[in-house]
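**Q** Got a structure for you, written out below as structure tokens; questions coming shortly.
The values are calculated or read from the model by the stated rules, or taken from the named source; none is laboratory data. All values reported here derive from a predicted model rather than from experimental measurement. Every residue, glycine among them, receives a Cβ derived from its backbone with ideal geometry; neighbour counts consider all protein chains shown. Heads up: the accessible areas ignore ligands, DNA and RNA and are worked out on the full protein's heavy atoms, side chains in. Shrake-Rupley method; radii C 1.70, N 1.55, O 1.52, S 1.80 Å.
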Amino acid sequence: MPATTTLFRAARPVFQQSASRAFFRANFSRIGRRFASTTTTGEAASQSWFQRMWNSPIGLKTVHFWAPVMKWALVLAGISDFARPAEKLSVTQNGALTATGLIWTRWCFVITPKNYLLAAVNFFLGCVGITQLTRIALYRASQKNLPAAAEEEAVKVKEAVKS
């Protein structure tokens, strides 16, 4: 028999349910099961919403709150660019907005504390950037076919003028 098989057979009693279950029940019953309460107790119950928000790790006096609030200006600027003609939009700028939005959206879920407000603003920033890049790509694709169509129209106009 291979050595690994012998090792696993020798260790089998350790992994049997009856032995492990008794061990975990004995230790787990002291701690209790995971418990999530919806009621607040102690100091948090007596605080107002403003006090809790002020003292929160992502509250009003931290960069975790104010950075996303200010970043909404970029999203609004991108949305206002929907009214601009596609030929005046910058691929570099909108590519940077898209990359920033998508990369930092992921980062917001990795950091501690998780910042859902920043994740939301970055997600919408990425969406605005993707929308603008799509507009630019569609405009440029339509311009590639334009010279041939313009020459045909010019020929038609010249023939119409001659007759």
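**Q** Please list S56, S48 from largest to smallest accessible area, probe radius 1.4 Å, with all protein chains kept in place. Numbers along the way, then the final one.
**A** On the way: S56 30, S48 55 Å².
The ordering from most to least exposed comes out as S48, S56.
**Q** Which values, in whole Å and largest first, are the semi-axes of the equivalent ellipsoid of the range 42-163 obtained as the square root of 5 times each eigenvalue of the Cα gyration tensor? Mind dumping the intermediate values first?
**A** Details: eigenvalues 529, 35, 14 Å².
That gives 51, 13, 8 Å for the three semi-axes.
**Q** Can you give the convex hull volume per residue for the Cα atoms of the range 47-106, as a whole number of Å³? Intermediate results must be reported in sequence, preceding the final value.
**A** Numbers: hull volume 5.6 nm³, N = 60.
Enclosed volume per residue, from the Cα hull, is 94 Å³.
**Q** What nm distance separates the two modelled labels at S90 and I103, each placed 7 Å from Cα along Cα→Cβ?
**A** So the label points at S90 and I103 sit 1.7 nm apart.
**Q** Full-extension gain between L133 and I58, please, as 0.36 nm times their residue separation minus the C-alpha to C-alpha distance. Numbers along the way, then the final one.
**A** Working: separation 75, 0.36 × 75 = 27.00 nm, distance 3.29 nm.
Once the chain is fully extended between L133 and I58, it gains 23.7 nm.
**Q** Now, a different point. May I ask you to compute the full-extension gain from S48 to W66, defined as 0.36 nm times their residue separation minus their alpha-carbon distance, rounded to one decimal in nm?
**A** On the way: separation 18, 0.36 × 18 = 6.48 nm, distance 2.06 nm.
Using 0.36 nm per residue and subtracting the Cα-Cα distance, I get 4.4 nm.
**Q** For K158, list the lysines whose Cα falls under 24 Å from its own Cα; do not include residues on the same chain fewer than 8 positions away.
**A** K144
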